[in-house]
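All remarks here apply to the structure that follows.
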Amino acid sequence: VKNLNTVRLANLQKAVVRCKAKHNSTEAKKASEEDADGLEKEVLLAEGAKIMITRNVWTSKGLVNGAQGVVRKLWYYPGSNPRDVLPAVVFV
């Protein structure tokens, strides 16, 4: 799945943002994806990329397992360098 997703991102011909997790402790940094309820240590995003939620997040608002969307915009705080910081907001 990760290889297919990488190919699809490349086919978008858009800048791909590598969003690496920011850990609040050494223990969190060592945790597996399974221990973190499915959260990955790194996510690749690009405007136009299709995404899918794999866990129920906010059921009353429709953020449920299997819900899909498209990344419309990655927004950064003014003056920040996208190479150094995570996006402040990901619009889907």
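Here is how the numbers come out for the structure above:
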| read-out | value |
| --- | --- |
| Above-threshold pairs, the threshold being 22 Å between Cα atoms, out of Lys2/Lys41; Lys14/Lys73; Lys41/Lys61; Lys14/Lys61 | Lys41/Lys61; Lys14/Lys61 |
| Cα coordinate range in the chain, projected on the principal axes (Å, largest first) | 34, 30, 29 |
| Rounded accessible area per residue of the chain, 1.4 Å, Å² | 84 Å² |
| Rel. contact order, % - alpha carbon contacts under 8 angstrom, at least six apart, the chain | 22 percent |
| Of all accessible heavy-atom area on the chain, the percent that carbon and sulfur account for (1.4 Å) | 51 percent |
| Net charge of neighbours whose Cβ lies under 15 Å from the Cβ of Arg8, counting Lys and Arg as +1 and Asp and Glu as -1 | +2 |
| 3J(HN,Hα) from dihedral phi, the range 62-72, Karplus parametrisation 6.51/-1.76/1.60, rounded to Hz, x for glycine, proline | x, 8, 10, 3, x, 5, 10, x, 10, 5, 9 |
| Among Ala88, Pro78, His23 - extreme Cα towards positive end, dipole of the range 17-92, charges at beta-carbon | Pro78 |
| The chain - charge dipole about Cα centre, Lys and Arg +1 at Cβ, Asp and Glu -1, debye rounded to 20 | 340 debye |
| Under the Karplus curve 6.51 cos²θ - 1.76 cosθ + 1.60, θ = phi - 60°, whole-Hz ³J(HN,Hα) for the range 15-30, x wherever Gly or Pro sits | 5, 9, 9, 8, 9, 9, 4, 9, 8, 9, 6, 5, 4, 5, 5, 7 |
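The values are calculated or read from the model by the stated rules, or taken from the named source; none is laboratory data. Here the structure is a predicted model, which means the values were calculated and not measured. Cβ: placed from backbone, ideal geometry, glycine included. Neighbour counts: every protein chain shown. Just so you know, the surface numbers come from the protein's heavy atoms only, side chains and all, with ligands and any DNA or RNA stripped out. Shrake-Rupley method; radii C 1.70, N 1.55, O 1.52, S 1.80 Å.
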